[in-house]
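No value in this document is a laboratory result; all are computed from the given coordinates. Note that the structure is predicted; figures quoted are calculated from it, not measured. In this analysis, Cβ positions are derived from the backbone assuming ideal geometry, glycine residues included, and neighbour counts consider all displayed protein chains.
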Amino acid sequence: MVSTPSPESIPLTGRALRLHRVLSQQLAPLHLDVINESHGHSVAPGSETHFKVVAVSALFEGRRPVARHQLVYQACADELNAGLHALALHLYTPEEWQARAQQAPASPACLGGSKH
């Protein structure tokens, strides 16, 4: 069984902390990473607009990827309505996570906006 680091044990602040808290409550994850990837996009320094979420939850069992994403978008609705622009979602059942050797894919470089 994989444990989820608590927000107190990792340096989460602002939107990342709020996302971690709401996803922890809504998904009961065995593992949860919330990573601010805004610095890799064409946004102002210090922005909190682009996040990568890696979540492992039994709630995903029997659900197709779209249904899993819908659960996360529903949980994050307040943040999405308040300026959160993008979520890169990597959502796994415990069995899928074990099969991936507990590794999520790396994020590609941003090619949007003024980045080429």
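The simple Förster model, with R0 at 25 Å and r as the Cβ-Cβ distance, assigns Ala28 and Ala106 a FRET efficiency of 0.40. Note on Asn81 and Glu95: their simple-model spin labels are 3.7 nm apart, each label 7 Å out from Cα toward Cβ. For Leu17 and Gln74, the FRET efficiency from 1/(1 + (r/R0)^6), where r spans their Cβ atoms and R0 equals 22 Å, is about 0.70.
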